[in-house]
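These notes concern the structure reproduced below.
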Amino acid sequence: MDLNKKIVFIIGPRQVGKTWLAKDIAKNFNKPVYLNYDSIQDKKIIHSESWLNSTDLLILDELHKMKRWKNHLKGIFDTKPEKMKILVTGSARLATFQKSGDSLAGRFFSHTLFPFSPAELFGTNYNNIDRFLERGGFPEPFLTNNLNDANRWRYEYINGLIRTDILDFENIHNLKSIEIVLELLRLRVGSKTSYASIAQDVGISPNTVKKYIQVLEALFIVFRVTPFSKNIARSLMKDPKIYFYDSGMVKGDKGALAENMTAVCLLKHVSGKTESTGIKWELNYIRTKDGKEIDFCIVKDGKAKHLLEVKYSDHNLSPTLINFSQKLAVKGSQIVFNLKRERKENNNIEIRDAFSFLSELSI
């Protein structure tokens, strides 16, 4: 159990269930304490460290909003009673905190909480492909029986992200511009993201577009999938593809929804692998100079392991998938959301029902 070894961070998008999970973990302890930095009363307790010495689990929510929070947490961890465990939750990436120093090096493990996936809900009454495509995987809109309530949740969620979370995280003077950038990204899921093209549409500089996308990424609103390349520097310089943690935010046809849902499930899969093993797993895509493309490439420690092409209803095997599977000598799967029968083309290529495939992913 990681809590017995170090500080544990649970990070992930807003309203994905981090607080619920933390409080559920607390049920296994005798004297847990939950403190939220957004609460004025809790903030005073955190600053003064005035919880009882008998506390066996200390949960600190949204602590990253505190100035010099890393040094404060380091002091708590280094002087705590041996029996006290520390769990920290937050809706911003740990990578964004590096600029405030590295005082927590070697003192924590992190776990990313993702939206629901078919693998997570396998065997339940909610494991339905249309429900995932229609509502995304965030708990509240996914679980409600009223689709209208799900739509209202998303409307308020998007407004909250723009009006509150982004302003709290970064001093952005032109909220209208970042709102337009967000809307354009919702329309372009699965396509290469050109900062210059978006900048021209919005009337801002490409560097500003890049900054806005970095903020959206840091707050777990979107994530980038970059091209696979053995040359890491070249890969990072090429245009990424942008996907949303909440598939319900996608504005596009069923193909775009299917691709985004698959991207979230695959990212959840590789993130879980990385966080549980310490071996770097990544999600990339492949694109050649002549425009031939593979939607996703699962990479382990810099080596391609699995190629995936996503289709909503096309069961005809992609020639590009065959070509790259042979060239890289790795397994290829074409996953189809509307498929009557799964089949294997050869030793390395298979056509799979998307929901069945996604349900089998480890998380």
| Convex hull of Cα atoms in the range 274-330, direction-averaged projection (nm²) | 4.8 nm²
| request: Could you pull out every one of the aspartates and glutamates with an alpha carbon less than 16 Å from that of K344, ignoring same-chain neighbours closer than 8 positions? | output: E309, D314, D353
| message | Quick check on the chain: helices-only [θ] at 222 nm, where DSSP H runs of length 4 and up contribute -39,500 (n - 2.57) each and the sum goes over total residues. Nearest 500, please. | response | -11000 deg cm²/dmol
| Can you tell me the Rg and the Dmax, both Å, for the Cα atoms in the chain? | 21.5, 65
| query | Which residue, L307, L266, L317, has the most motion in a Gaussian network model of the chain that connects Cα atoms within less than 10 Å? | reply | L317
| message | For the ranges 58-71, 196-209, what's the packing order if you count other beta-carbon atoms within 10 Å of each residue, average per peptide, and put the highest first? | response | 58-71, 196-209
| Expressed as a rounded percentage, what relative contact order does the range 191-340 have, with Cα pairs under 8 Å and six or more residues apart? | 15 percent
| So which of K5/K67; K18/K300; K43/K85 end up more than 23 Å apart by C-alpha? | K5/K67; K18/K300
| message | If you build the convex hull over the alpha carbons only and average its shadow over all orientations, what do you get for the range 73-211? Give it in nm² to one decimal. | response | 12.5 nm²
| task | Name the residue, out of L216, L267, L184, whose mean-square fluctuation peaks in a Gaussian network model built on the chain with Cα pairs under 10 Å. | result | L184
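Which of the residue pairs K176/K311; K83/K268; K211/K280 have a Cα-Cα distance greater than 30 Å in the structure shown?
Flagged as over cut-off: K176/K311; K83/K268.
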| Once both axes come from the Cα atoms, what is the angle between helix 147-160 and the longest principal axis of the chain, in degrees from 0 to 90, rounded to 10? | 60 degrees
| remark: In degrees rounded to 10, the 0-90 angle between helix 254-277 Cα long axis and the longest Cα principal axis of the chain is 50 degrees
| message | On the Cα set of the range 2-112, report Rg and Dmax in Å, please. | response | 12.8, 36
| query | With no solvent and one point per C-alpha, what does the Debye sum give as log10 I(q)/I(0) for the range 52-97 at q = 0.22, 0.24, 0.26 Å⁻¹? | reply | -0.81, -0.92, -1.03
| Which whole-number percentage describes the relative contact order of the chain, with Cα contacts under 8 Å and a sequence gap of 6 or more? | 13 percent
| Where the centroid of each part is defined by its Cα atoms, how far is the range 264-340 from the range 150-201 in Å? | 27 Å
| query | Relative contact order for the range 1-104: what is it in percent, counting Cα pairs under 8 Å that are at least 6 residues apart? | reply | 38 percent
| field | Net charge contributed by nearby residues that have their C-beta within less than 12 Å of N4 (K/R +1, D/E -1) | value | +1
| request: Would you mind checking the tilt of helix 175-187 against the longest principal axis of the Cα atoms of the chain, expressed as 0 to 90 degrees and rounded to 10? | output: 40 degrees
| GNM flexibility winner over the chain from K327, K289, K340 (Cα, springs under 10 Å) | K289
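The numbers here are math on the coordinates, done by the rules we state, and not lab data. All values derive from a computational prediction rather than experimental measurement. Ideal geometry is used to build each Cβ from the backbone, glycine not excepted, and the neighbour counts take in all protein chains shown.
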